[in-house]
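**Student:** Here you go, one structure.
Coordinate-derived values only; no laboratory data. Because the structure is predicted, anything quoted here is derived from the model rather than measured. In this analysis, Cβ positions are derived from the backbone assuming ideal geometry, glycine residues included, and neighbour counts consider all displayed protein chains.
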Amino acid sequence: MSASLESSLRERVDRIESTPAIPAVFLPLLNLLQSQSSASLDEVARLVAYDHAIAAQCLRVASSPLFGLAKAPESIRAAVVMLGLRRVETILLTCCLGNAFSTRDWPIDAKTFWTHSLGCAMASRRFSAKLACCDSDKAYLAGLLHDIGFMVNCIVFPDETSVAVNLAHERQIPLHQAEVATMGFTHSASGKALAEKWHIADDIVQVIACHHLIEDGRSSSPLVALVHLIDLLCRMRNLGYGYYESHGVDLQGDPAWATLVAENKNFDELDIERFTFEMDDSLAEIHQLVNIIFA
Amino acid sequence: MSVTSSTGVSGAREDTFSLTDPIYRQIRDLIYRVSGIYQPEEKLYLLLNACTRRMQQVKVDNSRTYWNLLMASPNRDPEMRALLNEITIGETCFFRSQPQLDALRNIILPELLKEKSRQIVKRVRIWSAGCSTGEEPHTLAMNLLEESEGRLKGWTVDIQATDLNDRSLEAAKAGIYGHYALRLTPEFYKHKYFSRFDDKHLQVRPEVRNLITFNRLNLRDDARMLFMKGIDVIFCCNVLIYFDGISKTKVVNHFFNDLNSGGYLFLGTSESLMKLNEQFHLMHFPGAISYWKPSHSSTKP
């Protein structure tokens, strides 16, 4: 990407921060989630007290079958006791993100976008928990935010993004390839600009910026490799961008697979077919969650 | 979801047959380990119904005892086979897996034709192994006929359909089907490729049947399996479950050898190869998985 394009991108991304729709609790929550020392229950409760709608939404999500609680929590405090602080923080952040931006006039259905992001978040968490290759909450956050640049593009480059989406549909090619063909840059570049603006942790910025670059053979961190693979898998299992991508995916032949194998000797033992079938099983729950959060 | 058996078993409590019973998930895991077939959550009720029918047959009145029968009794192998039979009853129908057909037409076929374009004989060979009463090979033939004026113009398509069962093969050759077999068939295909046989049945038109050669073949017959050479794509859906571990490995190795380099093997939609052959590469397509035999020259792009 040229320097002038990058500076124009940053300039446009700057305007996003002044969007009034971002819940006040969003950025402080993001900081809490990324801090090394875990936040206290009081801090989270204090933040959420500013936004009753988010708190109520969080409780509805925590009560969904996905979390398997015998009894629905009645307060954020109760949810933390039942699910743990980190889990509640990630739910809150997910709810905030769903409310953060106006999705009017997006060139794709916003629910489809959030289903992809949430699907990647949940599958990344499950995958990392299975393999112990990355911190699973970090994996969730990385999955949730990896395509945040697409949201940026929808807001600041609506017409150009619309052309890219149409091309992707028409040629049945991956979205980032259509973006390069029509705009000259991808959602990874705009996502990186926003992530840096928001002071998102470096390892997650890497995921946002590089989750498609692995295809070019660039080396990557295990977290980037993980989200790259999960993104591919989701797009092959009805958790993509709502159109048919006419290509096959060889996960085990992907450079990202080699990165994870190098980190985890047991990785080759992973039953990827079974993981795929189990992911299909969670589709209904993911749609249900998206309906609660991003309605 | 909670489903209770409507058939019931004499003396059994209603809640014995509830999906909330963890035994059914244990049985699901056992079936996956033994057969590679995964019962998705939304179809767990089918597993429950199958178990209920088997429990009636063997006169077992609770799920725990049935679990022990599958795990530890001297009859565990025949019982597992009987249960697998119950699970796959009624599985065959036209257009059973649209994602597999889409992958074949949109992704695999263009790739194969490109790969084979330099060959003198322009022929695509597809094998429906364990074709039962013919729904699968007929579906494949109709889909490939749709390409006959496009991608496949100038190409010969040859569909080999084999099964062990003579009666199934006779039915397949006749090509007469009722509503249940056609329940997933789009109207477009019904009108274009079927003619009315009687009030309740349609018959596949000759131009479809002419693409298919039906033959009796036992997949355990090593000598005959060696002759199935030069295949581009194999469909073998819900067949491997009937084989024990050693036979299964042998059949899969035959499939690998019978395929051309760059060819594909499709199994049932929830079925996996369970690493029976490490030479195949697992490939994901939208909504479908397949096993790819690597080309000599290249790795997958």
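**Student:** What FRET efficiency comes out for residue B:118 versus residue B:201 if R0 is 35 angstrom and r is the Cβ-Cβ distance? Round to the nearest 0.05. Intermediate values should be presented prior to the final figure.
**Tutor:** Numbers: r = 45 Å, r/R0 = 1.28.
It comes out at approximately 0.20.
**Student:** Where does each of A:244, B:264 land when they are ranked from fewest to most other beta-carbon atoms within 10 angstrom? Walk me through the numbers before you get to the answer.
**Tutor:** Working: A:244 14, B:264 28.
Neighbour counts put them in this order, fewest first: A:244, B:264.
**Student:** List the residues whose amide H sits under 5 Å from the amide H of residue B:194, counting only those 5 or more places along or on another chain, with H placed 1.01 Å from N in the peptide plane.
**Tutor:** Amide H neighbours of residue B:194: B:205.
**Student:** So, one more: Give the order of A:120, A:133, A:58 when sorted by the count of other beta carbons within 10 angstrom, beginning with the fewest. If you can, show how the numbers build up before the last one.
**Tutor:** Numbers: A:120 29, A:133 21, A:58 25.
Ranked by crowding around the Cβ, least crowded first: A:133, A:58, A:120.
**Student:** Taking 21 Å as the cut-off for C-alpha to C-alpha distance, list the pairs among B:250/B:293; A:130/B:275; A:130/A:192; A:130/A:265; B:122/B:275; B:114/B:248 that go past it. Write down the numbers at each step before the final one.
**Tutor:** Working: B:250/B:293 16 Å; A:130/B:275 19 Å; A:130/A:192 28 Å; A:130/A:265 13 Å; B:122/B:275 33 Å; B:114/B:248 32 Å.
Pairs exceeding the cut-off: A:130/A:192; B:122/B:275; B:114/B:248.
**Student:** Mean separation of Cα pairs under 8 Å and 6+ residues apart, divided by the residue count of chain A: what relative contact order is that in percent?
**Tutor:** Details: 372 pairs, mean separation 60.8, N = 295.
Result for chain A is 21 percent.
**Student:** Let me have the relative contact order for the range B:112-174, percent, based on Cα pairs under 8 Å that are six or more residues apart. Working shown, then result.
**Tutor:** Numbers: 70 pairs, mean separation 29.2, N = 63.
Relative contact order here is 46 percent.
**Student:** Here's something else I'd like to know. Among A:54, A:214, rank each residue by its count of other Cβ atoms within 10 Å, from fewest to most, as a rough exposure measure.
**Tutor:** Details: A:54 25, A:214 21.
Sorted ascending by nearby Cβ count, the order is A:214, A:54.
**Student:** From the phi of every residue in the range A:136-147, what ³J(HN,Hα) in whole Hz does the Karplus formula 6.51 cos²θ - 1.76 cosθ + 1.60 yield, where θ is phi - 60° and glycine or proline is x?
**Tutor:** These are the phi-based 3J(HN,Hα) values: 6, 5, 4, 4, 4, 4, 5, x, 5, 9, 4, 9 Hz.
**Student:** Name the residue, out of B:129, B:171, B:223, whose mean-square fluctuation peaks in a Gaussian network model built on chain B with Cα pairs under 10 Å.
**Tutor:** Among B:129, B:171, B:223, the largest GNM mean-square fluctuation belongs to B:223.
**Student:** Quick query: amide H of residue B:262 versus all other amide H atoms, modeled in the peptide plane; which residues come in under 5 Å with a sequence gap of 5 or more or a different chain?
**Tutor:** Sorted by chain and number, the residues that satisfy this are B:293, B:295.
**Student:** Moving on. Does anyone have the angle between helix B:135-145 and the longest principal axis of chain B? Alpha-carbon axes, 0 to 90°, nearest 10?
**Tutor:** Relative to chain B, helix B:135-145 is tipped by roughly 30 degrees.
**Student:** Run the reach check for residue B:59 against aspartates and glutamates, Cα to Cα strictly under 20 Å, same-chain hits fewer than 8 apart removed. What comes back?
**Tutor:** B:14, B:15, B:21, B:77, B:79, B:86
**Student:** Right, something else. From the backbone phi of the range A:164-177, what are the Karplus-calculated ³J(HN,Hα) couplings (6.51 cos²θ - 1.76 cosθ + 1.60, θ = phi - 60°) in whole Hz, Gly and Pro given as x?
**Tutor:** Along the range A:164-177, the couplings run 5, 5, 4, 5, 4, 4, 5, 8, 6, 10, x, 4, 5, 5 Hz.
**Student:** Starting from the 7 Å offset along Cα-to-Cβ, what nm value, one decimal, do you get for the label separation of residue A:14 and residue B:26?
**Tutor:** Placing both labels 7 Å along Cα→Cβ, they lie 6.5 nm apart.
**Student:** Count the DSSP beta bridges whose two residues both fall in the protein assembly as shown, then state the antiparallel fraction as a percent rounded to the nearest 5. Show your work: numbers first, answer last.
**Tutor:** Values: 15 of 34 bridges.
Bridges in the protein assembly as shown that DSSP calls antiparallel: roughly 45 percent.
**Student:** How high is the relative contact order of chain B? Use alpha-carbon pairs under 8 Å, at least six apart in sequence, and give a whole percent.
**Tutor:** Numbers: 428 pairs, mean separation 50.3, N = 301.
Rounded, it is 17 percent for chain B.
**Student:** What is the helix-to-structure angle for B:245-258, meaning the angle in degrees between its Cα long axis and the longest Cα principal axis of chain B, kept from 0 to 90 and rounded to the nearest 10?
**Tutor:** Helix B:245-258 sits at roughly 10 degrees to that axis.
**Student:** Moving on to the next point. Which angle between 0 and 90 degrees, to the nearest 10, do you get for helix B:76-88 versus the longest principal axis of chain B when only C-alpha atoms count?
**Tutor:** 60 degrees
**Student:** From the phi of every residue in the range B:64-73, what ³J(HN,Hα) in whole Hz does the Karplus formula 6.51 cos²θ - 1.76 cosθ + 1.60 yield, where θ is phi - 60° and glycine or proline is x?
**Tutor:** 3J(HN,Hα) across the range B:64-73, in whole Hz: 4, 5, 5, 4, 4, 5, 6, 9, 10, 6.
**Student:** While we're here: At R0 = 60 Å, how high is the FRET efficiency between residue A:46 and residue A:4 if r is their beta carbon distance? Nearest 0.05 is fine. Don't skip to the end; give the middle numbers.
**Tutor:** Values: r = 44 Å, r/R0 = 0.73.
FRET efficiency, residue A:46 to residue A:4: 0.85.
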